[in-house]
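Okay, structure first, notes after.
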Amino acid sequence: MEGLDVGEGLDVGQLKHLVVEPALATLGLGGTAAVNLLTGTALAESRGAYVKQIGGGPALGLWQMEPATHDDCWANFLRFPVGQPYAGILENMLAHDLPRSAQMISNLRYACAMARIRFYRVREALPSAQDPFALSRYHKVHYNTPLGAADPVANVDYFRRAVQA
């Protein structure tokens, strides 16, 4: 993915306004900060272009969520009373001919919603909607993990593009 320009993937404005905003609104977990965070996360994780991890890794979809993380969201949050309202909404987003985690490749709405659930489980409040530095740091700490490959300084531009779209 190094060297790939964001312009080679999906149009950032279309991704933000036609995929992310409606997915998060349906889930009831929208707002400008969440929309900018999820749009920037797709750019940082996959450049908005790749639906399967380059190099043979397990991550899937524009948000590059690993099936184990996906399954953890279902097993340890969505099946409990606090997560059940979201589980019902997510179930309605699913196609019935593919396993749930496999849908992160082709079902943009579901993949985005699952990435939002991952962030929703974090105790720290969302950062400022207009601060690409804070959004990038939040992504690194709470989505990519400290051991992950994401560079919160290098990724600021992706979050800036998300804010500006």
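What the table shows:
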read-out	value
DSSP loop GluC sites (Glu not before Pro) with at most 12 other Cβ within 10 Å: longest gap in the chain	3-123
Carbon + sulfur, % of accessible area of the chain - ligands and nucleic acids excluded, 1.4 Å	54 percent
Within the chain, longest stretch clear of exposed trypsin sites (Lys or Arg not before Pro) (DSSP loop, no more than 15 other Cβ within 10 Å)	1-78
Globularity ratio of the chain, using Cα Rg and 2.2 N^0.38 Å	0.94
10 Å-binned pair-distance histogram of the stretch 41-106 (Cα, whole percent)	21, 46, 29, 3
Within-14-Å neighbourhood charge of residue 141 [Cβ basis; K, R +1; D, E -1]	+3
Helical contribution to [θ] at 222 nm, DSSP H n ≥ 4, -39,500 (n - 2.57), averaged over the chain, rounded to 500	-12500 deg cm²/dmol
Cα-based helix-to-principal-axis angle, 84-93 vs the chain, degrees rounded to 10	80 degrees
Backbone N within the stretch 101-123 under 18 Å of label point (7 Å from residue 76 Cα along the Cβ vector)	101, 114-123
Accessible area of the chain divided out per residue, in Å², using a probe of 1.4 angstrom	47 Å²
Rg and Dmax [Cα atoms of the stretch 71-165; Å; Rg one decimal, Dmax integer]	14.8, 40
Dmax and Rg, reported as Rg then Dmax, of the stretch 33-79 (C-alpha, Å)	11.7, 33
Residue-by-residue Karplus 3J(HN,Hα) for the stretch 133-139, coefficients 6.51, -1.76, 1.60, Hz, glycine and proline x	5, 5, 4, 5, 5, 4, 4
Using a Förster distance of 41 Å, the FRET efficiency for residue 130-residue 106 (Cβ separation, nearest 0.05)	0.80
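The values are calculated or read from the model by the stated rules, or taken from the named source; none is laboratory data. In this text the structure is predicted, and so the values were computed from the model without any measurement. As a convention, Cβ positions derive from the backbone with ideal geometry for all residues, glycine included, and neighbour counts pool all protein chains shown. Accessible surface is based on the protein model in full, side chains and every heavy atom, while ligands, DNA and RNA are left aside. Shrake-Rupley method; radii C 1.70, N 1.55, O 1.52, S 1.80 Å.
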